[in-house]
Amino acid sequence: MITEERYNFIIEKLNHYGVIKSQELMLEMNCSESTIRRDLALLEEQGKLVRVHGGAKRVYTIEKEQTLTEKSIKNVQNKKNIAKLAASFVEDGDTIFLDAGSTTFFMVPFLKEKNIHIVTNAVQHALLLSEQNNDVLLIGGKLKNTTQAIIGTTSIEQLSRYRFNKAFLGINGIDKHYGFTTPDPEEAAVKQQAFMNSSKAYVLADETKFNKVTFVKVCNMDDALIITDHLTAKKYESYYTTTTILEAKS
């Protein structure tokens, strides 16, 4: 292999497994130990991995949380496609939980005139749902200003009394090893409660959320179905064995 091919091979292995051993790289790439050491050292200098005894591990960046306004102007068409597909799984008679988030917000117009009960912790979602005459319950609790989500012990206690056919959750990070994550512990707790009380859980996330890790784990990869837009072949191959991925088409 030429140098760039070796670098790409190492990074792909790290993205897939999280940790790699030097001996395995030597065998798979038919390289000397000194070559592998140089490759790992250079990639570490570039911030792409961290060397450990006998190999290397992947670098994880803890993503910063954005405001609802910042989220709502990014990847709009992708989010609408995801939301439309998500809404197609809602059936008449369902009781659903609709999580706060920019992608779940785009589900709201597709829920118009459906004979369903909707529980949400999102102020904006609840307002629009009420305008289109949906049966909606906005849970109580503390208002988080940046995302306009209802969070806190009151919301958790209230949610614990409800049961849902389906929950539709927004998420900030999806990682094969760390699962579904979100930056705020209180928002994570709301998502966890809704997830536990639902017969089926869907995570709505565009391609940019994959291979990202944020502060708090919500659940494991195999605990929910992912509804996303079109993934690259590498990302799909990396994730399809750990969970069900439903892709929205334009």
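The values are calculated or read from the model by the stated rules, or taken from the named source; none is laboratory data. Bear in mind that the values here come from a model prediction, so they are computed numbers and not experimental data. Cβ sites come from the backbone with ideal geometry, for glycine too, and all protein chains shown count toward neighbours.
Being in contact (Cβ under 8 Å) with a residue 40 or more places away in the chain, farther than 22 Å from residue 74 by Cα and among the β-branched types (Val, Ile, Thr) is true for just one of 156, 150. Which residue is that?
150
Would you be able to tell me the number of residues in region 92-132 that are within 16 Å of residue 194 (Cβ to Cβ), surrounded by fewer than 23 Cβ atoms within 10 Å (Cβ to Cβ) and among the charged types (D, E, K, R)?
1
Just to verify a result, which residue in region 27-60, among those that are in contact with a Ser or Thr (Cβ under 8 Å, 6 or more places away or on another chain) and exposed (fewer than 15 other Cβ atoms within 10 Å of the Cβ), is nearest to residue 221 (Cα to Cα)?
Per the criteria, the residue is 54.
Please enumerate the residues belonging to region 181-196 that are under 30 Å from residue 13 (Cβ atoms) and either of a type in the set (Val, Ile, Thr) or in contact with a Leu (Cβ under 8 Å, 6 or more places away or on another chain) (or both).
Answer for region 181-196, where residues must be under 30 Å from residue 13 (Cβ atoms) and either of a type in the set (Val, Ile, Thr) or in contact with a Leu (Cβ under 8 Å, 6 or more places away or on another chain) (or both): 181, 182.
Residue 199 fails exactly one of the following numbered conditions: (1) surrounded by fewer than 20 Cβ atoms within 10 Å (Cβ to Cβ); (2) farther than 18 Å from residue 97 by Cα. What is the number of that condition?
(2)
Every residue in region 92-137 that is assigned to a helix (DSSP H, G or I) and among the polar types (S, T, N, Q), please.
102, 103, 104, 124, 130
What number of residues in region 136-190 are among the basic types (Lys, Arg) and over 26 Å from residue 88 (Cα atoms)?
Count: 4.
Show the residue pairs meeting these rules: Cβ distance below 6 Å; 6+ apart or different chains; first residue within region 96-110 and free of Cβ contacts under 8 Å to residues at least 60 places away in the same chain and of a type outside the set (D, E, K, R); second residue surrounded by 24 or more Cβ atoms within 10 Å (Cβ to Cβ) and not in a loop (DSSP other than H, G, I, E, B).
105/125; 106/79; 106/83; 108/125
Conditions first: (1) in contact (Cβ under 8 Å) with a residue 60 or more places away in the chain; (2) touching a strand residue (DSSP E or B) at 6+ places or on another chain (Cβ under 8 Å). Residue 177 passes all but one, so which condition is the exception?
(2)
Filter region 202-216 down to the residues that are aromatic (Phe, Trp, Tyr) and farther than 23 Å from residue 145 by Cα, then identify the one that is surrounded by the most Cβ atoms within 10 Å (Cβ to Cβ).
202
Hey, can you tell me all the residues within region 43-91 that are outside any loop (DSSP other than H, G, I, E, B), of a type in the set (Val, Ile, Thr) and at pLDDT 90 or above?
Scanning region 43-91 gives 76, 82.
For residues that are in contact with an Asp or Glu (Cβ under 7 Å, 6 or more places away or on another chain) and either under 15 Å from residue 175 (Cβ atoms) or crowded, with 19+ Cβ neighbours inside 10 Å (or both), tally how many sit in region 217-233.
So the answer is 3.
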